Structure formats: C-alpha cells, structure tokens
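The values are calculated or read from the model by the stated rules, or taken from the named source; none is laboratory data. Quantities reported herein were computed from a predicted structural model and do not represent experimental measurements. Cβ placement follows ideal geometry from the backbone for every residue including glycine, while neighbour counts extend to all protein chains displayed.
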Amino acid sequence: MHRDTTIMHAGYRGTGESGSFLGGPQFSSTYVTPGEPGQHQFTYGRFDNPTWRAWEEALATLEDGQAIAFASGMASVAAVLGTTLKPGDVVVVPSDCYYTTRLLASNWLANIGVEARLAPTRDNGQLRAIKGARLLWIETPTNPQLDVCDVRVLVDAAHNEGALVAVDNTTATAYLQQPLALGADFSVASDTKALTGHSDLLLGHVATNDAERATALRTWRTQHGAIPGPMEVWLAHRSLVTLPLRLTRQCESALKLAMFLRSEPGVADAHYPGLSDHPAHAIAKKQMQAFGSVVSFDLRERERAERFLSALKIVRQATSFGGVHSTAERRARWGGDAVSDGFIRFSVGCEATDDIINDVAGALKA
C-alpha cells in the first residue's frame, strides 16, 4: 500500500468497524475505576487519553516508531533533553538551530550542570564537537537559514562516540524526512507547523524505536504535566489526513518560488535546499523526499524588507511556518539568529503557485 494511503487511514476506524471515521475527542479528567487502578486502561486524564492514543498511532505510522504527543514543540524538546542528560553531561547543539532550543541549552541545561557545545550545521560542522558528548542535537533543514547536514554521517559518528542522536525534524516533517530510518535515536517535531498545517494548534511529539526511552518520555510528560488537550489532538489528527496533499503542493510551489527569487537582481541571496546550487543540495536530495515549504531570501536592508512585506497582497505577515496560507516575516525583528536586517523567511502555502509568485514579484518592484 502507498505510504500516503497508510497515513490517511492511520488511527481511524477500520473498514469492518461501525461508527464515525475518526472517534470524537474524549474530554475527561477523571475515569470511573472501581477496584485496583491496574485493572483499568484509563484512570486519570494526565496519565492517558484515548484521543492521544489514536493520534500517537497515526504519528507512529508516519515516523515508523513509537510516538509520544506533547503540548508543544518545545515541550517535546525539553522532554528529550530532560530524559537523556544529567549534570556533567555534554550536549552538542547547532549554533544555527531554532533560537529557543539554544536558549534552553544555555540557560536551563547550564544551570543544572550540563555543558552545551555549539557548532554549525553546514558542512557537518558538528562532527568536530561530538567527542565526549552524551547527546547530539541535529536540526536539518535549519530554521530559518535552511542549512542541511548529513544525518546518517552524523548519527554514525555520534554512535561511535557512545552518544545518542536527536533530530529536530520540524522544517521537513516526517513525511519528507525520516530520522529514525536514518539511524537517529529520537525524531522531534513541533506539530504546530506543517504537520498540522492550519496555523491553529500548538502541539509537538517525539518518536523513538527504543521502548525504554518511550516509557521515560511518557513518564516525563505525566510528571511535568506537558500533556496535549484532547481537542487539539483530535484537530491535529483530522488535519494529518491532508498532509501529503498539502506538502506536495507547497513543496512544488516553494521550488518554483526559490528559482524565481534566484533570478531576481534585487534579491541578494535565496536559500532553499531544492536549488541545485544550494551547498547541501546533494545531501538533501539523498535524505529528503522533497525540500519543504520554507524559502528564505535576503533583501539586505531593513527598510527594503519592510517595504516588501507591506506591499504583499495575499501573503500575510506572521511568524511560524507550514500553514496552508502563505506568510512571510523579517526574521531579524526577533533577534537571536545570525541574519541580516533584510532577511525574509517565507512560508509557502497552498495558494495557486502563480498567485504566490506574482504577489512576491509585485512586492519586490515596490
């Protein structure tokens, strides 16, 4: 069976079962549990929920591993760091990864005695920092500069040093790139982005092929209260059905937009792993099914970038990415990333490709 079909049906009722296609969200903090708790599948809302289970079954199909749902992407990040690291350990973190992940490493982890080493993603720069590490944290493609590293090469090097490997797979999603199949110990994602794709949910998950690590992550979720709401999970599960359709359309449009931007004299640089002249195009082509829905480009100056954004007609100014509606932002307004004041992160939506490119072209002229 084609993978797209499997994803569409994962976690839904089988063809021989009666009832709705997807069971509705179950709202319950308390379950009726006479006798011993061990006799019951569900006992208390912070421990488990049938809506989570259906969603995690779907995520497990997508990731080809056990999946644990969390309340947000950062809750997922914290769970992996918290269950793998102890005082005296070393974690290697990309110097160009998601800014809040770097903040977590430099603040919380440093305060509990964990050393965080920073190294760049490009050219597998983290290889030079692995020795003696307990955990290697990878992000590919990176957000927002879209650098790419070779997951398999880094995984093999880390495992040879006795280190675990976690891959932040948010930009690609497990539909386009499967870290566990590439040997990683953890696949981590903010499901707020392209996985659910409608700019209306905060969710995250971690996937692993190790049963003990999966149990540790669930225990962390229970004890730290990092649990998702059943309504959010149900909406996410419903949204997952269209993931192949959405991402296929977005990736096709993103490549065409990147090629257009590359030809524009007013654009200093365009970043997209699907471009043949991207420094890591060959690596991305090897480990990704397609190249994602995010395109970044540089207009150098803040004023030019602001005029560009103000001139867009259908593309909205907003942070985050992966939604069905195209959005763009001047990334430097947030701080924390080594980008120019005119650096634009553009999230390609599901609008007609020509409309997206025409809108960008008109705004560039402005």
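The table for this structure:
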read-out: Scope the range 108-146; condition surrounded by fewer than 20 Cβ atoms within 10 Å (Cβ to Cβ), of a type in the set (F, W, Y) and either in contact with a helix residue (DSSP H, G or I) (Cβ under 7 Å, 6 or more places away or on another chain) or under 20 Å from M288 (Cβ atoms) (or both); matching residues; value: none
read-out: Some residue of the range 328-342 being among the β-branched types (V, I, T), assigned by TED's automatic domain parsing to the domain that holds A254, closer than 23 Å to T121 by Cα and assigned to a strand (DSSP E or B); value: no
read-out: Unique residue being surrounded by fewer than 20 Cβ atoms within 10 Å (Cβ to Cβ) and closer than 27 Å to A181 by Cα when the list is R46, R53; value: R53
read-out: Residue match in the range 145-165 (condition: assigned to a loop (DSSP other than H, G, I, E, B), without any contact (Cβ under 8 Å) to a residue 60 or more places away in the chain and not aliphatic (A, V, I, L, M)); value: yes
read-out: Checklist (1) touching a helix residue (DSSP H, G or I) at 6+ places or on another chain (Cβ under 7 Å); (2) closer than 23 Å to A174 by Cα applied to F321, failing item; value: (1)
read-out: Residue check, V114 of a type in the set (V, I, T) and either touching a Ser or Thr at 6+ places or on another chain (Cβ under 8 Å) or modelled with pLDDT under 95 (or both); value: no
read-out: Complete set of residues in the range 79-107 that are surrounded by fewer than 21 Cβ atoms within 10 Å (Cβ to Cβ), under 14 Å from the mean Cα position of the chain (by Cα) and in contact (Cβ under 8 Å) with a residue 40 or more places away in the chain; value: Y99
read-out: Residue identified as in contact with a Phe, Trp or Tyr (Cβ under 7 Å, 6 or more places away or on another chain), within 30 Å of L118 (Cα to Cα) and surrounded by 14 or more Cβ atoms within 10 Å (Cβ to Cβ) among A328, A318, A363; value: A328
read-out: The range 259-317: number of residues that are among the hydroxyl-bearing types (S, T, Y), under 23 Å from K365 (Cβ atoms) and touching a residue at least 60 places away in the same chain (Cβ under 8 Å); value: 2
read-out: 1 or more residues closer than 23 Å to P25 by Cα and modelled with pLDDT of 95 or more: qualifying helices (runs of 4 or more DSSP H) within the range 171-243; value: 211-224, 230-240
read-out: Residues (more than 13 Å from the chain's Cα centre (by Cα) and closer than 22 Å to Q126 by Cα) located in the range 68-78; value: A78
read-out: Set A305, A270, A290: member being assigned to a helix (DSSP H, G or I), in the same structural domain as C350 (by TED's automatic domain parsing) and aliphatic (A, V, I, L, M); value: A305
read-out: Qualifying residues in the range 189-212 (those that are among the charged types (D, E, K, R) and surrounded by 20 or more Cβ atoms within 10 Å (Cβ to Cβ)) - the one nearest to N143 (Cα to Cα); value: K193
read-out: Only listed residue being free of Cβ contacts under 8 Å to residues at least 60 places away in the same chain, charged (D, E, K, R) and within 26 Å of R13 (Cβ to Cβ), chosen from D191, D200; value: D200
read-out: Any hit, the range 27-44, residues being hydroxyl-bearing (S, T, Y), without any contact (Cβ under 8 Å) to a residue 12 or more places away in the chain, at negative phi and assigned by TED's automatic domain parsing to the domain that holds L217; value: yes
read-out: Neighbours by Cβ (under 6 Å, 6+ apart or cross-chain): first from the range 48-64, touching a residue at least 24 places away in the same chain (Cβ under 8 Å); second basic (K, R) and assigned to a loop (DSSP other than H, G, I, E, B); value: none
read-out: Selection from the range 155-170 of residues that are surrounded by fewer than 18 Cβ atoms within 10 Å (Cβ to Cβ) and aliphatic (A, V, I, L, M); value: none
read-out: Leading residue by the ranking (farthest from V233 (Cα to Cα)) among those in the range 68-78 that are surrounded by fewer than 23 Cβ atoms within 10 Å (Cβ to Cβ) and not hydroxyl-bearing (S, T, Y); value: A78
